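Values in this text are rule-based calculations from the coordinates and carry no lab data. All figures in this text were calculated on a predicted structure; none of them were measured in a lab. All Cβ positions, even for glycine, are placed from backbone atoms using ideal geometry, and neighbour counts span all protein chains on display.
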Amino acid sequence: MVQKDERVTIPDEWFKPKEKDSDIAESVVRPSLSYWKDAWHRLRKNKLAISGLVFLIVLTLFAIFGPVFSPHSVTGTDYPNQNKAPSAEHWFGTDEAGRDVFTRTWYGARISLFVGVMAALIDFFIGIIYGGISGYKGGRTDTLMMRIIEILYGLPHLLVVILLMVVMGASLTTIIIALTITGWVGMARIVRGQVLQIKNYEFVTASKSFGAKTPRIIRKNLLPNTMGPIIVQMTLTVPSAIFAEAFLSFLGLGIQVPFASWGVMANDALPVILSGYWWRLFFPAFFISMTMFAFNVLGDGMQDALDPKLRG
Amino acid sequence: MAVYIVKRFFMMIATILIIATLTFFLMHSIPGSPFDEERTTNPTIQANLEKFYKLDQPVAVQYVYYLKSIVTFDFGPSIKKPNETVNSLLARGFPISFELGMITILVAVISGIILGTFAALRHNGFIDYMAMTFAVVGISVPNFVLATLLIQQVAVTWQLLPPATWSSPLHMILPTLALATGPTAIIARLTRASMLEVLTQDYMKMARAKGLTPFRVVVRHALRNALMPVVTIMGTMLAGILTGTFVIEKIFAIPGMGKYFVESINNRDYPVIMGSTVFYSAFLVFMLFLVDIVYGFLDPRIKLHRKDGDV
């Protein structure tokens, strides 16, 4: 009984209303989950996309450090050792001039990743500016700019790229220029669509009513909110640029021998494929396919992760 | 609808004109004449050659001649192959490339739609996972890699099919397979995505409630609506397939237009490059135009709109 009484007796001072502390009252206790953190959480659950990401990170490391640590040089010929099968000395074998396929594969990774990432980045900048202006200005400007895009969209891209390569001559720079001349159109369309949609949202109106100037609205309101689809588009641009580079090299329009790219290596391996030198085709073919696979699953995963409709 | 077609038609002409102009000025921006070779040609012969190819005229005049040649469909003689014209090369090569392209797109559309439909009907089931795995792999493996792998495994190691040329239906299997896998994968993914969306619509419940057979429900009600996105990408896909024939023809030694095109690139045979680029672009842009019109006829919303206008 005594115990019970003790429990029931609550001192009066406990019932005093807590003093208002304006600092704490408005604070959010749990860490806020930003759009990006939330997207990362969802991406992390997608095992396929994460393994794609891991593969790409490892590939990048090998592309940077592989040729440096290899005892063989990319272009160094060694004719007595031509077309040797993979061994302890040459992990991936050698080609018809005795060049080390292991070193050349990582050098090819450099070329492919560089072309892919550069093409995506340049597309991104041109697309953001063109699509941003078109979507934000609206009206006549938009109609005119979209007419131009519609016509450019109808051009067969790979043919234009081939044409440009023939005219400008084959080199790494010209590949990137040729790819971006045709590639920015898709990005511009996406940016425009996003801007058109978002510029009418209430928070933009609110921002305007506070007196925000156009550059600030573009920088602070529009760009961050259009980033999701843009990043997905960039991730998917990379594999198509890598494919285009390999395709051009395969046609003899890309990087020139003795320098290596995956397309060049596959092209060189073609005449000897019947001689059983499988490693010469296998390694470039395997890595080109794996890289495109990794970028594709990562892009798909990001598409799902960044979709605001799926936000839980 | 008529306004739409006319508008599309002028867009098509504009696109062809742009690519023709682009091709012309790009080709003329290359320094040097095609007749600059190591050995010095007799000046009279040089002058005659330049006269024959109208290279002695000002660029503007050449441009007019060039536009005329496009309209009259006469792309002139090849520079590196004296007895050939661009037209004769196109006449010999293009039918074969066209055949390869058409068989490929047929295979890709049929198998892609079937694969995508079954994947959607068995959503998250075994067939779905298998189909989608195939789709991601199919998109990731470049067609020239697949072609060489097929030659090595199927033709050389297993000796099942002939490794090259284009002489019998058996010879056509490997090139078609190599070229069709990527587009099949894209169509399968697209069909699956739009089928999944369509299957949740109320009119699907309605169709089933009416007691229609599952086959009829899927084919008449779901597929008809789900295939609209597939129709829209047909134009760009055809462009990819036709440029893809270039490498496939090179690998399988198929005597199509791709072979001549790659040859002309390596020989710097400018009239052939110009002629075939313009011809291919015009063909593709025309295909895009056809696809747009077909889409206009298929899309129920556009039809509905026209009916409203008529009444």
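How much length is gained on full extension from B:LEU160 to B:MET102, taking 0.36 nm per residue of separation minus their Cα-Cα distance? Provide the component values of the computation, followed by the final result.
On the way: separation 58, 0.36 × 58 = 20.88 nm, distance 2.41 nm.
Full extension of this stretch gives 18.5 nm more.
Kindly express, to the nearest 10 degrees and within the range 0 to 90, the angle between helix B:270-298's C-alpha long axis and the longest C-alpha principal axis of chain B.
20
With a 10 Å cut-off between alpha carbons and a GNM built on chain B, which of B:THR133, B:THR213, B:THR176 moves the most?
Largest GNM mean-square fluctuation: B:THR213.
Report the convex hull volume per residue for the range B:88-233, counting only C-alpha atoms, in Å³.
Numbers: hull volume 20.4 nm³, N = 146.
Cα-based convex hull of the range B:88-233, divided per residue, equals 139 Å³.
Taking the beta-carbon count within 10 Å as an exposure proxy, list B:THR104, A:THR214, B:THR148 from fewest neighbours to most.
Numbers: B:THR104 29, A:THR214 11, B:THR148 22.
Ascending number of Cβ neighbours within 10 Å: A:THR214, B:THR148, B:THR104.
In nm, what is the difference between 0.36 nm times the number of residues separating A:SER275 and A:LYS213 and their Cα-Cα distance? Please list the in-between numbers first.
Values: separation 62, 0.36 × 62 = 22.32 nm, distance 6.79 nm.
Stretched out fully, the A:SER275 to A:LYS213 stretch lengthens by 15.5 nm.
What net charge do the residues around B:ILE251 carry, taking every other residue with its C-beta under 14 Å from that of B:ILE251, with Lys and Arg at +1 and Asp and Glu at -1? Intermediate values should be presented prior to the final figure.
Working: positive: B:LYS250, B:LYS259; negative: A:ASP268, B:GLU249.
Around B:ILE251, the charge tally is 0.
Taking every residue in A:147-157, how many Cβ atoms of other protein chains lie within 10 Å of its Cβ, on average?
Details: counts 2, 1, 0, 3, 8, 2, 4, 16, 10, 18, 4.
Mean number of neighbouring Cβ atoms from other chains: 6.
May I ask you to compute the full-extension gain from B:THR21 to B:MET1, defined as 0.36 nm times their residue separation minus their alpha-carbon distance, rounded to one decimal in nm?
Working: separation 20, 0.36 × 20 = 7.20 nm, distance 3.02 nm.
Once the chain is fully extended between B:THR21 and B:MET1, it gains 4.2 nm.
Extending each Cα 7 Å along its Cβ direction at B:ASP74 and B:ARG268, get the distance between those two points in nm, one decimal.
2.9
In Å and from the alpha-carbon atoms only, list the Rg and Dmax of the protein assembly as shown.
Considering the protein assembly as shown through its Cα atoms, Rg and Dmax are 29.3, 129 Å.
Scan around A:PHE92 for amide H atoms under 5 Å from its own, H built in the peptide plane at 1.01 Å from N, and keep only partners 5 or more places away or cross-chain.
Those qualifying (amide H under 5 Å, at least 5 residues apart or on another chain) are A:SER87, A:VAL101, A:PHE102.
Using a Gaussian network model of chain A with C-alpha springs under 10 Å, which one of A:LYS37, A:LYS220, A:LYS20 is most mobile by mean-square fluctuation?
Answer for the Gaussian network model of chain A: A:LYS20.
Please arrange A:TRP91, A:TRP184 by counting, for each residue, the other beta carbons lying within 10 Å of its beta carbon, fewest first.
Working: A:TRP91 16, A:TRP184 25.
Ascending number of Cβ neighbours within 10 Å: A:TRP91, A:TRP184.
Counting partner chain Cβ atoms within 10 Å of every residue's Cβ in B:134-147, what's the average? Write down the numbers at each step before the final one.
Working: counts 0, 1, 7, 4, 0, 9, 12, 8, 14, 3, 11, 14, 2, 1.
Counting other chains' Cβ atoms within 10 Å and averaging over B:134-147 gives 6.
Pick out which of B:ASP74, B:ASP128, B:ASP202 has the largest mean-square fluctuation in a Gaussian network model of chain B, springs linking Cα atoms closer than 10 Å.
Of the options given, B:ASP202 has the highest mean-square fluctuation.
Nearest 20 debye, what's the magnitude of the dipole of chain A about its Cα centre given +1 on Lys and Arg Cβ and -1 on Asp and Glu Cβ?
Working: 29 positive and 23 negative charges, 193 e Å.
The calculation lands at about 920 debye.
Angle check, please: helix A:35-45 long axis (alpha carbons) against the longest principal axis of chain A (alpha carbons), in degrees 0 to 90, nearest 10.
Tilt of helix A:35-45: around 60 degrees.
Run the simple label-point estimate for B:PHE10 and A:PHE125 please: 7 Å along Cα→C-beta, distance reported in nm.
3.7
May I ask you to derive the FRET efficiency for B:VAL231 and A:ASP21 from their Cβ-Cβ distance with R0 = 56 Å, giving the value to the nearest 0.05?
On the way: r = 63 Å, r/R0 = 1.13.
Given R0 = 56 Å and the Cβ-Cβ separation, E is 0.30.
Can you check how the C-alpha radius of gyration of the range A:83-195 compares to 2.2 N^0.38 Å, as a plain ratio? Mind dumping the intermediate values first?
Working: Rg = 20.0 Å, N = 113, 2.2 N^0.38 = 13.3 Å.
It is 1.51.
Would you mind checking the pairs A:LYS37/A:LYS213; B:LYS80/B:LYS259; B:LYS68/B:LYS250 and listing those with alpha carbons more than 23 angstrom apart?
Values: A:LYS37/A:LYS213 29 Å; B:LYS80/B:LYS259 15 Å; B:LYS68/B:LYS250 32 Å.
Going by Cα-Cα distance, A:LYS37/A:LYS213; B:LYS68/B:LYS250 fall outside the 23 Å limit.
Calculate the spin-label point distance for B:LEU290 paired with A:ILE10, positioning each point 7 Å from the Cα along the beta-carbon direction, and give it in nanometres.
Distance between the two pseudo-spin positions: 8.3 nm.
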